[in-house]
Every structure is written in C-alpha cells, then in structure tokens.
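All remarks here apply to the structure that follows.
The values are calculated or read from the model by the stated rules, or taken from the named source; none is laboratory data. Everything numeric here is computed off the predicted structure, so don't read it as measured data. Methodologically, a virtual Cβ is constructed for each residue, glycine included, from the backbone with ideal geometry; neighbour enumeration extends over all protein chains shown.
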Amino acid sequence: MTQGTTLLDPTSEKAGGMRRPIAPPPSLDRLTVGFLDISKPQGDIFLDRLETLFGERQIKVKRFAKLTSAKQASEEVIADIAENCDVVVEALAD
Amino acid sequence: MELPQDGLLLVLKEDCETCRMIAPLAAELEQRGLLKATHSQDNPAFPSGMAVIDDSGLETSFGLDIETVPTLIRCEGGAETGRVIGWHRGEWQNLTGVNDLGVDLPAERPGCGSLSVSPGMAEELQVSFGETGLNAREVDVDFPNDPIEQMFDRGWTDGLPVVPPSPTRVLRMLQGTSLAPDHVLGPIPPSGEICTVEKAAINAVMAGCRPEYFPVVLAALDAAMDPDFAWQGLMSTTMGAGVCVVVNGPVARRIGMNNQHGALGHGNRANATIARALQLLVINLGGALPGGTDRSTHGHPGKFGMAFAEDESDDAWQPLAQSRGIAPGKSAVTVFGFCGTSINNTETLRDADDLTLSLAMCLNSLYHPQHAGGGIAGMLVLSGEYWRIYREAGWDRDRIEQALLEHTQRAAAAVETGETSPGKGDNLVPKFGPGDLVLARTGSNAGLFSTIIHGWGSGPRGSQPVTREIVP
Amino acid sequence: MLDIDRKGLPGVAIFSEEFRSGVEAWRDVHGFDANAVYVDHPIQPLTEAELHAHADGVFEEVMAAITA
C-alpha cells in the first residue's frame, strides 16, 4: 500500500498547523548541554569550538555522536542523551 | 460527466441476476444504436461483446445517483429525461420505444443494490467526486509517514493515540447531526476560538466516537459552554479539573453506554470517548496543554474525559436530568467539573440511617475535613447495593439528598479540628451550599461501595453543573 | 530534533545555509516548528580556523535558542 492519508485540521488553524518545540530553560546554570554530532565531516571540529565557548561560560557539555550521518540517531543514543542532558545542540548538517 | 446527447445510458454490474438477465437486451439495444453508453460497476468485460465503460471507480454511478442496478436512463439534448430502475418490461419498452423488448422475460424483476450505495461508500464517493461542504485545512500525510505518529508530532493528542480525522470519517460523523458543518457552536477555552460543528466532528472522530454518539457530544459541548459551567476556570485551574458527563434517557441504551460493572472506568467505547472529544477540543481548538494554559499541579486520569450513563432501570430512582428539570423520557446530559474520584467502603452497613451517617463522614472529607461553609461541589455516585438499601427503606433521591445535607453539617469547633462526624445541636456549619451536592446512580449491583466525584469550586464564583436536553 | 523533542528536551539544530529550504519543507511535513540556526555554506573545504570562526559567529544565536 503506497497511498497517503489526508487529515482534517482539528485546530484553529491560526498556528499554521505547527507544534512549537519544548520551551528552553530560563538559564543553563547547573544544566548539562548535550552536543549531538550528526557525524558529517568537519562537524566535530565545529563542535569542539562550541564546546570551548560553552566551557568559558562554565556550561557543562556532554558529547554524543551518531554512528553515521546517513541514518537517524539510534534509540540508544537518544535515550542516553535524554537520561544525561537537559538541552541539546545538534550539528552540523551541510 | 457527460451524458449521451440523445440515446440511452445503462448502469449495471455482473454480480446481479437481474443485470445478467437483461444483458442480451442491452446488446440488442446497442446494436440498434439506441444504447449509447453502458457503465459496468464491477467488470468492464460484462456484458461481453459490448462496448462497456469501466465504472469500477463509481464516479458515474455517484454522479447519476444510482441506487439500484440495472438503471436505464434516457437522454435527450444531453440531459436526462427519464429512467427505469430494475427490470420492468412495460417501462423498458416505454423508455426505449422498442415495443417487443424482453417479451420472453418475466414482466418485472427488482434490481440489486448499486455498489455506490454500499455501507460506507457514500462518504468515500462524496470525498472523491462530490462536494463535502467541509472547510477545515487538509493536511496530507504522504506514504510511508505514519498519520498516528504525525498527529503526536503535531501536538494534536491528549497523550494517547487519536483516530486520523480523514474527510470520510468526518463526513460519517456529521451524519450524526442535522446541523450544518459550518454551524457555530461557541467558543472553546482558553483561546476562545469559535468551534463549528465541523471542528467538533473532527475532534469527535479523533476521540474515537461513533456518529451515533455525536448528538451527545454536541449537547455536552453546549452545556460546557454555558457561562455557569465556568469551563475556562475548570480547564486552567491548578486543581486539575476535567469534565464529567452524565447521560440520561433512551440515548444511553441506544448508543450502548455502560451503567453497570466499571461504569466510571474503562472498557466501553461511548463512556471512554464522549467526554474525550470535549477535552481534545480544549487542546486543539482551545490551545491548552499541561504546563501551558492548563496549570494542573497533578491532574488526574479523568482529564482524558469521563462519561457514564445513570442506571434508570428502577422507576423509584429519579434520573439526575429529571431532577434538574428535563421531562421524563427525554435524553439529556449533565456536565460536572471534577478534580478526581475516591471510593468509600461501607461494607458492613445495611441500614439507611447508618449508611447516611457514614456517607456524610466521607463527604465531609471532600477537599479537606477542615473545609466547610459551602463553596465546593461533589457528586455522590450510589451503587446498586446502596440504592437497594435506601429503596427498601422507602427513601427516594430527595430524601437521600436532604439527609446527606443535614448530616454533613458540623459545629464550627468540629470543623476546626477536622472531625467529620455529623454535628448535633444549633449553630451548625454546612459542608455544601445549595446545589453543591449532586447524586447519581450507576455501577453494578454487587459491592457496598460508593464513589465520590470531587468537584471544583462551586456556585456563581466557581463551576455549576449544567444540564442540556439532547437534540437529534 | 524531533526525536529529541519527543523525549521532552529543548534544543536547536545547526545547518549550513544550503539546508534552509529543506528545513522549511521538513517543518511543513512534520508540523513541527523546530529551532534552527544557519552558518554559511560550504563547510567541507574549510580549515580548522574557518570552522572555529563559524562557531564563534553563531554562538550567541545558539545560546539564545536554548535559553528562554
């Protein structure tokens, strides 16, 4: 079966049907920022520099990486991030 | 869809004895140059040897309003000027002008149901070929994306999966009301966005309602929109209030609601989905979710929605809707804002007076044992066994209610200490104000339990129950 | 970012400019208004110093996306 589905919008349609992401915290004090490297070349160098900048502001960073840029991050990696981090920066798609 | 300029058009299907019987006549009419178009609903090779048009998509059948096959239509000047449904020799001869047509066949024979009016097809065809009258924005989910996951991602759910609201499903839901899809119902809190019948139908589909539940949903929606219900306050309070819908009257049995084992819980589709439709409207149209405009500290499972039918099998029990002014025999809903439920176990009591005293103690704990003086609401749901005790003692709804109101009064000093036993003497403080205590009866006939449905703030400064008759 | 958001975590994804229209289209398909920050394209031929400069250039924007 290759047919799609049409849904009728149950909302007021004012937001253009978009769900807003989870609201960020008021500050990053005492929080852990997860860096998810999507594993394209050069992305690690870019994230290294961001990690340095975060460090200068005493913001704790934890690094994660996809196995390959060709596929979505595995359930294990996402679960690991969810367990250990409060906010996520994902990079670098080009 | 174009009709023949001048001539006959025939719609038939192979899976029909009458169609197979008249097939040779159709071939004869085609040979004579009278039959200009033959549309087959199930097999483009039937009748064999003829120039047959494939109408397996049923577009022509839908466009021509075919309900029975065979249907023979005469066209003049490109417009229909007559039709015969089924086989009737005289009428076929008259329509075709062939006076000796079918003389070897029976004088008449009924046709078969057209595939275009099979169960469920009408709405599918209306979506494909007709005007739906629907105005909501369409969101296409392309294969292989999963529409269930998409609706989660779009924030359209209450945390549980919802039924994809396809145009076909929404059209079917709209069969449950005579109101037009663009009929305005009223504002949904907290955004105040206006809800139409169409938006209500979309959310009712998502909740899992069947079309026959829709009049109940609409009545509950109308009741909830009554300013006395204070829906805005209920959906945003930190106490975490949901909508409880009590259904009375013949509609409850007609749509298969549960008023026996587990009536306040899970397992029954109507019970589970009717109030869920209202809560989904608050999320989707009202824009409320916990942590946003819904400030519930804890919330409770009832915020998914709770609906039940009263047990009206005993004439001695006055149904809730009737006690609130609805005429006997009519179907109605009562909406009640609630913050949770608790069960009361009084298994050793067999006497109406003792039972009342015990229930009064449980009711005095509502909100907090030290709360009195009115301003809070509660619903006491009596099981079959409790009602049996009261009925055998000759008590009715009014007497039970009055006794409970009397026995939930306490001395001010007792309130201060949180003592829940009924008070005696003068200067007693009531637990409930006028109209704050509601009684209902549902559940099985086994189990000396009652359930208290905890209300919210009551009266003009809080939420009041609202009753509405259900209009088909 | 949808898988991260489904876990209840806020976040932001960084793309090169080439991805901008793709991100917009992805948002429409999924109905999810993901946070995105863009750096100049291309990325692959850049030196370490140039990559660091990109990171410096978007640092404040990234911080703004992950704090209220």
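Okay, here's what the table says:
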| quantity | calculated |
| --- | --- |
| Odd one out for A:SER39, checked against (1) touching an Asp or Glu at 6+ places or on another chain (Cβ under 7 Å); (2) more than 9 Å from every other protein chain (Cβ to nearest Cβ); (3) not basic (Lys, Arg) | (1) |
| Residue ranges of helices (runs of 4 or more DSSP H) in the range B:169-258 with at least 2 members modelled with pLDDT under 95 and in contact with a strand residue (DSSP E or B) (Cβ under 9 Å, 6 or more places away or on another chain) | B:231-236 |
| Residue within the range B:311-319 that is under 26 Å from the mean Cα position of the chain (by Cα), crowded, with 18+ Cβ neighbours inside 10 Å, in the same structural domain as B:CYS209 (by TED's automatic domain parsing) and small (Gly, Ala, Ser) present | no |
| Strands (runs of 3 or more DSSP E) (entirely within the range B:381-472) containing at least 1 residues that are buried (at least 17 other Cβ atoms within 10 Å of the Cβ) and acidic (Asp, Glu) | B:466-469 |
| Filtered residues of the range B:260-275 (kept if surrounded by fewer than 22 Cβ atoms within 10 Å (Cβ to Cβ) and not charged (D, E, K, R)) | B:GLN260, B:HIS261, B:GLY262, B:LEU264, B:GLY265, B:HIS266, B:GLY267, B:ASN268, B:ALA272 |
| Residue ranges of helices (runs of 4 or more DSSP H) in the range B:66-165 with at least 2 members in contact with a strand residue (DSSP E or B) (Cβ under 9 Å, 6 or more places away or on another chain) | B:89-96, B:147-153 |
| Flag for A:LYS14 being touching a helix residue (DSSP H, G or I) at 6+ places or on another chain (Cβ under 7 Å), away from chain C (no Cβ under 11 Å) and surrounded by fewer than 18 Cβ atoms within 10 Å (Cβ to Cβ) | no |
| Qualifying position, being out of contact with any Lys or Arg (no Cβ under 6 Å at 6 or more places or on another chain), surrounded by fewer than 20 Cβ atoms within 10 Å (Cβ to Cβ) and more than 9 Å from every other protein chain (Cβ to nearest Cβ), among A:ARG49, A:ARG30 | A:ARG30 |
| Failed criterion for B:GLN93 (all others in (1) within 14 Å of another protein chain (Cβ to nearest Cβ); (2) farther than 21 Å from B:LEU218 by Cβ; (3) out of contact with any Lys or Arg (no Cβ under 9 Å at 6 or more places or on another chain) hold) | (1) |
| Answer from B:ALA201, B:ALA241 - the residue that is of a type in the set (A, V, I, L, M, F, W, C), crowded, with 24+ Cβ neighbours inside 10 Å and touching a residue at least 40 places away in the same chain (Cβ under 8 Å) | B:ALA241 |
